[in-house]
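Notes follow the structure.
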Amino acid sequence: MNTSESALSGNAAAQNLELSPSELEYRLLMDNFITPEECRELIALADKYGTVGGGYGEKVGQSNSDNEVYIGYFLKESQPTEEFRKEHEVALRILNRVRKQLMKHFGLPFLWIDHAEILSREPTQPQEGAPPEDLSMDWHMDNHGPLIWRRTHTGILYLNDDYEGGHTCMKEADWGPFRELPPATGRLIGFNAVETPHAVTKVTSGKRYTMIMWFSNHWTNVRRHIKVFNPKLANALGALKRPAGR
């Protein structure tokens, strides 16, 4: 591993990290994007509503480490109760702020929500004889797949930094070097999902909380966007489309 690919660690690295001008066309890094209090509120939601495997269930093991507990839940299109929705106002507000920031940074005329999840990763004791792991989540692209091809941009919020490992890595490209971005509470990372292979380094101790958001500039995502941010309008529009008597 050469110097450009060496691991960044500690608060000094977190404070001095800057992206090059060429990178800024494809990547975003902002510290203190949300407050510590907002981070605590999102963590509380993750602890209250998260389930093992999140919304992926058993499928989560396909791209994530077998030697950690992955707990999360989706900010779904349909919220079960008004109380649940009210409790998630902070999450929806932050989600919209991230969307607007990505639009501004990448010069986009519009951007719609595709999917969002609040999650945690916590290491477990590996089975005896298991090979050592370097990654909690293997190298991947956020828009490679029949159900996710519309995704064009990704946002990641670090909600805490009191753990070891769990850095977000981005592969070297023509427009930017390899990056290993350490956690910092309230830090926002954004990138072009079409151009950014990335991974998560192994969480070795503690519990890593993040809010992951995927967006799309495909017009077909407008309907999903309305369902997330204005379910009453979505229901009204759905009723107009339904034939009478159904």
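Enumerate the calculated ³J(HN,Hα) couplings along the stretch 109-119 in order (Karplus 6.51 cos²θ - 1.76 cosθ + 1.60, θ = phi - 60°), each rounded to whole Hz, writing x wherever the residue is Gly or Pro.
Working through the residues one at a time gives x, 7, 7, 10, 5, 10, 6, 8, 8, 9, 8 Hz.
Once Lys and Arg get +1 and Asp and Glu get -1 on their Cβ, which of I148, Q101, L135 lies farthest toward the positive end of the dipole of the stretch 92-159?
Q101
Largest first and in whole Å, give the semi-axes of the stretch 184-224's equivalent ellipsoid, each being the square root of 5 times a Cα gyration tensor eigenvalue.
So the equivalent ellipsoid measures 27, 13, 10 Å along its semi-axes.
HN-Hα J couplings of the stretch 175-180 from phi, Karplus 6.51/-1.76/1.60, θ = phi - 60°, integer Hz, Gly and Pro as x?
Result, ordered by residue: 9, x, x, 4, 10, 10 Hz.
Values quoted throughout were computed directly from the atomic coordinates according to the rules given, and no laboratory measurement underlies them. Predicted model only: the values in this text are computed from it and were never measured. In this analysis, Cβ positions are derived from the backbone assuming ideal geometry, glycine residues included, and neighbour counts consider all displayed protein chains.
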